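One structure is given below, encoded as structure tokens.
Here, each number is a calculation from the coordinates, and none is a lab measurement. Everything numeric in this text was worked out from a predicted model, so none of it was measured. A quick note on method: Cβ atoms are made from the backbone with ideal geometry, for glycine too, and the neighbour counts reach across all protein chains shown.
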């Protein structure tokens, strides 16, 4: 029952610590790739999907 003793306990803590670090790493990585609403709006204007009047209306509504 106590095959691994202290070594097993250390291994459990190491795995738990690595799991927590991995979660934090991937969570931070996802937030860096998020694009803001203003970036999307600017891109739509640049692509010609909306005109300047629509751009200003949408921009003003996003500022609430």
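Quick notes on this structure:
- For Rg and Dmax of the Cα atoms in Å, the value computed from the atomic coordinates appears in the list (i) 27.0, 87; (ii) 24.3, 74; (iii) 14.6, 59 under label (ii).
- FRET efficiency for the residue 49 to residue 21 pair, using the beta carbon distance and R₀ = 30 Å, is estimated at 0.15.
- Counting only alpha carbon atoms, the long axis of helix 52-63 and the longest principal axis of the chain meet at about 40°.
- Folded to 0 to 90 degrees: helix 5-32 orientation relative to the chain principal axis, Cα: 0 degrees
- Near-label residues of region 36-56 by backbone N, under 12 Å of a point 7 Å along Cα→Cβ of residue 62: 36-46, 55-56
- Over the chain: helical MRE at 222 nm, DSSP H runs n ≥ 4 each giving -39500 (n - 2.57), nearest 500: -26500 deg cm²/dmol
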